[in-house]
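**Q** Input: one structure, supplied below.
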Amino acid sequence: MKIPMQWINEYAPINVDAETYQNKMIMIGNGVEGYEAVAPELEGVVVGRVLTCEDHPNSDHLHLTTVDVGEGEPLHIVCGAPNCKAGILVPVAKVGAKLPGGVKIKKGKVRGEVSEGMLCGGDEIGVPVELYPHVGAEGILIFNEDYPLGADVKPILGLDDTVMDFEVLANRPDCLSVWGIARETAVALGTEFRKPEITVKECGGDVNDYVKVEVRDTDLCPRYIARVIKDVRVGPSPMWLRKYLNAAGMRSINNVVDITNFVMLETGHPMHAFDLDMVDGHHIIVRRAVDGEHITTLDGKQHNLTAGQLAICDATKPSCVAGIMGGEESEITEKTHTMMFECAVFDRAATRVTSRALGIRTESSGRFEKGVSVKTAMEAMQRACQLITELDAGDVVSGVIDIYPNPAEEQVVTASCKRIARRTGVDIPAEDIVRILKDLHFSVELDGDQLTVTVPDYRQDVDGEADLSEEALRVFGYDKIPSTLLRGDTTPGGRSERMRLKDQVSRILTGMGFYEIMNFSFVSPKTVQKLDLAEDDPRLCQLPIRNPLGEDTSVMRTTLTPDMLSTLALNMNHGNEAASLYEAAAVFDAENRTDENLPTETQKLCLGMYGKNVDFYTLRSVVEKLLQQLGIQTHVEARGESYLHPGRKALLMAGDIRVCCLGEVHPEVREKFDMPSRAYIAELDLSQIAELRKPMGAVKPMPRFPAVTRDLSLVMDESTQVGPLLQDMSAAAGKILESAGMFDVYRSAQLGEGKKSVAFSFVFRGADRTLTDAEITKAMEKVLKAAAEKHNAVIRA
């Protein structure tokens, strides 16, 4: 919030420079972003009177003037402004003067005539037309009042002030006002806060004869005050008022509107003025809007209101969005004859919701969102009416409409001085606590150690002993807190079971040449639709995000597969010949909720591969090795997800538990993801793996006896599953079998239609002896018998 120091100084004397003032305010807990002079670059511009104005002999638009600046001999200045004439008072930049933009005035000649300065326009000295009326770039600024010749123009035009930029925190809405900052200033500088005495001169009559006010929704509007001004005289505001508004960053409009803005900045209470002749039935109704109602606000924009949004309405339609912005139809104009002042209090949450929904952010809405004191609204209304009389902007009708059904009670807090000292860590004497609270305008009674404190009406943030402790400490001085060494025991951090599992999986996959990828958890709902899942698949039920950045990041993902396919496609289309990638992350189930009503998060692992030497068996081998190192034994079932190739997919099962689904990406799905070549993908449930994995057993010594290898080539039907066959043969081989695996698949016309040849390798080793040929032959016979009887697989001729 920007406030000029001269305005603050009216209510609390500032006896230090701007830098010192800033530091003192910060030290008692008031944030200050910085400060800035209103016109730091303007120097040497004074009031002058044009004595003569004649045409330049060598120009058709320039003038030769003599100007008296109170220094004896008049200055000779060449001026090109069309509104220059003898007798006027104007701002004069003398030789050596500095103007905004780094301009420095020098003595020189203009078309052969000496010029000893410059007659200035409002734009040239940084004066907006709202601050002081002028013709802009079309001519020079002409003073309408009489000022001493040679006087500095900066005080006259309100350019000699310094503006402080305060950072008002959410818990101090009372400081969103000049009075609030002035109270803090008086405490910080040890001066006295002087609030103006408010008296209202009334002209008679009865306010109820002019307007009827009805509040239907007191939960959203706990207090509504109205007063009527008749014989309104709309005109420009005086210079002092325009100066303060300009320095605070607000534009002067007219005396009536400026009063409402001035009172809002001064007291912190937003106000609004209605042209009563434009209010149907002279009836004000505070109610919730209904669907279909609309209003054109003061900025000329039309807004559609929805049910529940609070509006100030007349007998037929909304006339103002409560606490946010008034309506265009009832605004104050030069034709206004009778008007109504409104000073109300609106619910902070409802104001914020409506402001965001309509996309309107104003000084008024910002204050209501942070909280406006319901007890001090009348004071702001009376201050506005006082200014109406002082500025002769109208006549105040007698009487006030004050709808205040549930008056707020006085806030009383009890506290212990010893507890305050213990809580703050500073031994603040009881008399100092009492003094500080009284300086902050609290009413205080001290009985032994017990404090009974009555909180000022405008301090909505104080409701307990902790708040009083903060007030006492910030004024007593944060620098009084004693320095102590850090004490306490630190708790060493650690890795959770889930983290350790992910670390182990990452080490295994990295060792097999995989790279980890990371994607956002929020995705587009269209990505999972590319997988062609069944309509009832729970992965299509995605959790929407309330305020997404865009449609591409509007839901939480239910599977890692789409992101993996998109990443593989990106690598393919950028010329990478091969890739082996993995991602371990959470997916979100919106249907199944936790006890806290949050979506269930499940940790998943997704692997993706492609390349010249990559096929289904390559990926399956990777997954099996991963599971083997985690101590999980699985078997293969020839089925899987619909987005995988029907002939090249499988499930890895641990008993009845599905551990992994893997396979080649279906050609149709591959096309949707713009993948030019084959790719292979697997998705595992890390939560199930965490339950199934077994810790590493006892370490076995290195084998002392040699191993014997036997290769076997079997011919079988094309439909025969190799996994179950290998398991049955391994079981038949007995305890002397160390390992078994498949290393080749062969098909040809010589084998016959519907046949394939699969080659296996068996490694035998005895733990306590060297195996004989007879033992190995016997074991191989059992292997062949199991293959022939259970799977109709015979040795290849």
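The values are calculated or read from the model by the stated rules, or taken from the named source; none is laboratory data. Please read these numbers as outputs of a predicted model, since none were measured by experiment. Here the Cβ positions follow ideal geometry from the backbone for every residue, glycine too, while neighbour counts run over all protein chains shown. These area figures cover heavy atoms from the full protein model, side chains too; ligands, DNA and RNA do not enter into them. Shrake-Rupley method; radii C 1.70, N 1.55, O 1.52, S 1.80 Å.
**Q** Calculate the translational D of the range 2-46 in whole µm² s⁻¹ from Stokes-Einstein, where the hydrodynamic radius comes from the Kirkwood formula applied to all Cα pairs, the temperature is 37 °C and the viscosity 0.692 mPa s. Each step should come with its number before you reach the end.
**A** Details: Rh = 12.1 Å.
Result for D is 271 µm²/s.
**Q** Could you state, as a whole-number percent, how many of the C-alpha pairs of the range 1-93 are farther apart than 18 Å? Intermediate values should be presented prior to the final figure.
**A** Numbers: 2641 of 4278 pairs.
So the pairs more than 18 Å apart make up 62 percent of the total in the range 1-93.
**Q** While we're looking at this one, here's another question. Just in the range 54-161: which GluC sites (Glu not before Pro) are loop by DSSP and have at most 12 other Cβ atoms within 10 Å? Spell out each step's value before the answer.
**A** Working: sites: Glu54, Glu71, Glu113, Glu116, Glu124, Glu130, Glu138, Glu145; in loops: Glu71, Glu116, Glu130, Glu145.
Passing both the DSSP loop test and the Cβ count: Glu71, Glu145.
**Q** Here is a follow-up. Starting from the Cα of Lys317, draw a straight line to each of the lysines and keep only those under 20 Å, dropping any in the same chain fewer than 8 residues away.
**A** Lys212, Lys301
**Q** For the range 163-240, count the residues as N, evaluate 2.2 N^0.38 Å, and divide the Cα radius of gyration by that value, please. Spell out each step's value before the answer.
**A** Numbers: Rg = 18.7 Å, N = 78, 2.2 N^0.38 = 11.5 Å.
Working it through for the range 163-240, the quotient is 1.62.
**Q** Could you give the Stokes-Einstein D for the range 25-150 in µm² per second, using the C-alpha Kirkwood radius, 37 °C, 0.692 mPa s?
**A** On the way: Rh = 15.7 Å.
Here the translational diffusion coefficient equals 209 µm²/s.
**Q** With the cut-off at 18 Å, report for the range 523-618 the share of all Cα pairs above it, as a whole percent. Kindly include the intermediate steps, with their values, before the conclusion.
**A** Details: 2522 of 4560 pairs.
Of all Cα-Cα distances in the range 523-618, 55 percent exceed 18 Å.
**Q** May I have the pair-distance distribution P(r) for the range 284-336, computed from all Cα-Cα distances with 10 Å bins from 0 and rounded to whole percent?
**A** Final binned percentages: 27, 58, 13, 2.
**Q** Could you state the per residue volume, in Å³, of the convex hull enclosing the Cα atoms of the range 212-264? Let's see the in-between values first.
**A** Working: hull volume 5.6 nm³, N = 53.
Roughly 106 Å³ of hull volume per residue.
**Q** Hey, another quick one. Leaving ligands, DNA and RNA out of it, rank Thr634, Thr185 by accessible area with a 1.4 Å probe, largest first. Show your work: numbers first, answer last.
**A** Numbers: Thr634 35, Thr185 0 Å².
Output order, biggest surface exposure first: Thr634, Thr185.
**Q** If all Cα-Cα distances of the range 656-780 are sorted into 5 Å bins from 0 onward, what percent lands in each bin, rounded to whole numbers?
**A** In order of increasing distance, the bins hold 2, 8, 12, 11, 14, 16, 15, 11, 6, 3, 2, 0 percent.
**Q** Still on this model: Tell me the volume per residue, in Å³, of the convex hull enclosing the alpha carbons of the range 399-554. Each step should come with its number before you reach the end.
**A** Working: hull volume 55.5 nm³, N = 156.
Dividing the Cα hull volume of the range 399-554 by its residues yields 356 Å³.
**Q** Okay, moving on. Could you tell me the convex hull volume per residue, in Å³, taken over the Cα atoms of the chain?
**A** On the way: hull volume 243.4 nm³, N = 797.
In the chain, the Cα convex hull volume per residue is 305 Å³.
**Q** Same structure, new question: Might you tell me the accessible area per residue for the chain, computed with a 1.4 Å probe and given in Å²? Write out the running numbers ahead of the final one.
**A** Numbers: 39710 Å² over 797 residues.
Accessible surface, normalised per residue, equals 50 Å².
**Q** If you don't mind, another one. Among the listed pairs Lys85/Lys107; Lys604/Lys649; Lys85/Lys243; Lys755/Lys782, give every one whose C-alpha distance is greater than 25 Å.
**A** Details: Lys85/Lys107 22 Å; Lys604/Lys649 19 Å; Lys85/Lys243 27 Å; Lys755/Lys782 23 Å.
Going by Cα-Cα distance, Lys85/Lys243 fall outside the 25 Å limit.
**Q** Just to confirm the number: angle between the C-alpha axis of helix 773-791 and the first principal axis of the chain, 0 to 90 degrees, nearest 10?
**A** 70 degrees
**Q** Can you pull the percent of Cα pairs in the range 72-229 with separation above 25 Å? Walk me through the numbers before you get to the answer.
**A** On the way: 7358 of 12403 pairs.
When every Cα pair of the range 72-229 is considered, 59 percent fall beyond 25 Å.
**Q** Just the C-alpha atoms of the range 267-387: what Rg/Rh do they give, with Rh taken as the Kirkwood radius? Numbers along the way, then the final one.
**A** On the way: Rg = 13.7 Å, Rh = 14.6 Å.
Checking Rg against Rh, the ratio lands at 0.94.
**Q** Would you please give the residues with an amide H less than 5 Å from that of Val555, counting only those at least 5 places away or on a separate chain, with H modeled from the backbone geometry?
**A** Here the answer is Val523, Ile545, since their amide H atoms fall under 5 Å of that of Val555.
**Q** Another question, if that's okay. Can you tell me, using C-alpha contacts under 8 Å and at least 6 residues apart, the relative contact order of the range 566-680 as a whole percent?
**A** Numbers: 175 pairs, mean separation 27.9, N = 115.
Result for the range 566-680 is 24 percent.
**Q** What span do the alpha-carbon atoms of the range 151-196 cover on each of the three principal axes, reported in whole Å from largest to smallest?
**A** For the range 151-196, the Cα extents along the three principal axes come out at 43, 23, 19 Å.
**Q** Suppose accessible area is computed on protein heavy atoms with a 1.4 Å probe; arrange Ile657, Ile156 from highest to lowest. Numbers along the way, then the final one.
**A** On the way: Ile657 65, Ile156 25 Å².
Reading off the accessible areas and sorting them downward yields Ile657, Ile156.
**Q** Write out the trypsin sites (Lys or Arg not before Pro) in the range 588-638 meeting two conditions: DSSP loop, and at most 12 other Cβ atoms within 10 Å of their Cβ. Could you put the intermediate results ahead of the total?
**A** On the way: sites: Arg593, Lys604, Lys612, Arg620, Lys625; in loops: Lys612.
Filter output for the range 588-638: Lys612.
**Q** Taking N as the number of residues in the range 330-387, what is its Cα Rg relative to 2.2 N^0.38 Å?
**A** Values: Rg = 13.8 Å, N = 58, 2.2 N^0.38 = 10.3 Å.
Dividing the Cα Rg of the range 330-387 by 2.2 N^0.38 Å gives 1.34.
**Q** At what distance in angstrom do the alpha carbon centres of the range 137-191 and the range 72-124 lie from each other?
**A** 28 Å
**Q** Can you tell me which lysines have their Cα less than 19 Å from the Cα of Lys375? Leave out same-chain residues fewer than eight positions away.
**A** By straight Cα distance, Lys375 reaches Lys195.
**Q** Return the Cα extents of the range 153-295 along principal axes one, two and three, sorted largest first, each rounded to a whole Å.
**A** Each principal axis gives a Cα extent; for the range 153-295 these are 50, 37, 33 Å.
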